[in-house]
Amino acid sequence: MRTDDMVVLPGTVRAWSAEQTWEAVAGHLPHYGITRVADLTGLDCIGLPVWTAIRPASHTLSTSQGKGATSLLAKLSAVMEGIELWHTEQPLPIAARGPATEVAPNCPVAALPLTDLHPNYTLARMVWDWTPGIGLASGEEVLVPVDVVRRRTQRPEWNPDLIRATSTGLACGNTRDEALLHGLYEVVERDVLYRDGLNGGRNRTLIDPATVDDPHSQEVVDRLTAAGMMFEMALVDGPYGLPVCVAYLWSEDHPVVFAGGGCHSSPTIALFRALTEAAQSRLTAIAGTRDDLPSDIASFDTPFHPPQATGLVPWKQAACRLAPPAPTFTERRADVVRRVTGVTGYEPVALELSALDAPVHAVQVLCPGTHSRIRRSMPR
C-alpha cells in the first residue's frame, strides 16, 4: 500500500516495494563485492526470516545479516547492510588537510565520537584529512574529519587515533530522504539507549506482550512464545520524543541473552525492529559466520534473569503519548533533524557516500553530541 512517497510493507515503510528494490540492486551485487546471499532462517527454531550477504574481499565485515517480516525483506536487509559497509571502505574526497582551527573552525570536534587513548591532546590543533558533508538543517557544505568514516586499519600510520569510526548513522535507501531518515533513526536509537544505560535502565516502560496489537509484532511474539523463548520488551524514553524500543530474549537451548533495539517515527515499527533484531542476533551467533563474534559465549556479558512478570504496561497505554508520524519521508527527516538539533545544539551532517548513478543511495549521518555504546551487549 502506498501513502504519499512511502510504500507500507510488513513491519516497515520504504520508498519502493521490496520487489522493485531487489530488481534495482540484484544485478549490481558483484560491484559491491557480494558473491552470495544465504537464508539462515532454518538454523533456528524461531522461524523469523534472517539472511546473510557475503563479501569475501571485505575490509570490514565479510558477512552482513538482515531480518524482515518476509524472506525477501530479510534478504534485502542483508544486502543493503553489505552495500553500506562497502561504501565505508571506499576512499572519500579529501578537501583539505590541517588542524580544525585553520580548516574548519566551526566543526565541533570534541562532540564527535572519540577514543580515550590520548586525552591530553588539544583536538582543535590536531592535523586531520577533511571531507565535505552537507548540513541537514542549513543545506550548506561543512567539513568533517575523514576519520569519522575511515576505519582504523585504513588510516595512515601517522594519523592520530583520536576519532572512533562507527557504523552508527550508516544507511542505504531507495531515495536520499529514505536513507537519511534511517541513518537518523539509528543515531537516535543508540543515543537514547546509551543515556538509558547511564541511568540504570530507569527510562524504560516494560510492555505486556499480550497487549501488542500490531499484527507483525504480534506474529513475532507468537513465534518466540511457540519456540519456548523467554523475552521482554520495553519502550525507552529519551529527550527526542521519538519511539525507541528494546527487546531481550533467552532460551535454555542457547543460554545467552540476545538484544535488539529499534527507533522509528511509528512506535509499532520501532517495536518490530527491536524484536526482530534480537532474534537476528541469536541466529547470527548460531550461524557463527560473523567475523567479530567471540567464540566463547561468556563474552556475551548481559546476565540473565527471568523476565519481569509484574508492572507491565499495555502497549497502547505506553505508546499513546507519542506524536503521530508525518506522512512523508521528507517531513519525517526534517522533524528528526529539528529534534536532534534541539537536543544536542549541533546540526546533523550527512556524508554522501554513493555515486549519482548508483542503484541505491548510501549516506552516513553524523550527529555531534550523541553517543553510542562501545560494549557488544545492551545493558539489561
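Here are the numbers for the structure shown:
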{"read-out": "Inter-part distance where segment 16-43 and segment 214-281 are each reduced to a Cα centre, Å", "value": "25 Å"}
{"read-out": "Cα coordinate range in segment 43-178, projected on the principal axes (Å, largest first)", "value": "55, 33, 24"}
{"read-out": "At least 27 Å along the helix axis (C-alpha) and Kyte average at least -0.5, DSSP helices within the chain", "value": "176-198, 267-287"}
{"read-out": "Gain in span if fully extended, GLU23 to MET230, counting 0.36 nm per residue against the direct Cα distance", "value": "70.7 nm"}
{"read-out": "Under the Karplus curve 6.51 cos²θ - 1.76 cosθ + 1.60, θ = phi - 60°, whole-Hz ³J(HN,Hα) for segment 137-144, x wherever Gly or Pro sits", "value": "9, 8, x, 8, 6, 10, 9, 9"}
{"read-out": "Virtual spin-label span in nm between GLU331 and THR166, 7 Å along Cα→Cβ", "value": "3.1 nm"}
{"read-out": "Computed lengthening from HIS305 to ALA38, 0.36 nm per intervening residue step minus Cα-Cα distance", "value": "92.8 nm"}
{"read-out": "³J(HN,Hα), Karplus 6.51/-1.76/1.60, whole Hz, each residue of segment 354-363, x for Gly, Pro", "value": "9, 6, 4, 9, 5, x, 9, 9, 10, 9"}
{"read-out": "Percentage, to the nearest whole number, of Cα pairs in segment 72-114 over 18 Å apart", "value": "57 percent"}
{"read-out": "Amide proton proximity set for MET126, modelled H, under 5 Å, gap of 5+", "value": "ALA100"}
{"read-out": "Accessible area (Å², per residue) of the chain, counting only protein heavy atoms and a probe of 1.4 Å", "value": "44 Å²"}
{"read-out": "Full-extension gain in nm, HIS59 to HIS254, via 0.36 nm per residue minus C-alpha separation", "value": "67.1 nm"}
{"read-out": "Per DSSP, loop GluC sites (Glu not before Pro) in segment 211-268 with at most 14 further Cβ within 10 Å", "value": "GLU252"}
{"read-out": "ASP208 long-range amide H proximity, modeled H, under 5 Å", "value": "VAL313, TRP315"}
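The values are calculated or read from the model by the stated rules, or taken from the named source; none is laboratory data. Model, not experiment: these values are computed from the prediction. Counting neighbours? That spans all protein chains shown, and the Cβs are built from the backbone with ideal geometry, glycine included. Protein only, heavy atoms only, side chains kept; ligands, DNA and RNA dropped before computing areas. Shrake-Rupley method; radii C 1.70, N 1.55, O 1.52, S 1.80 Å.
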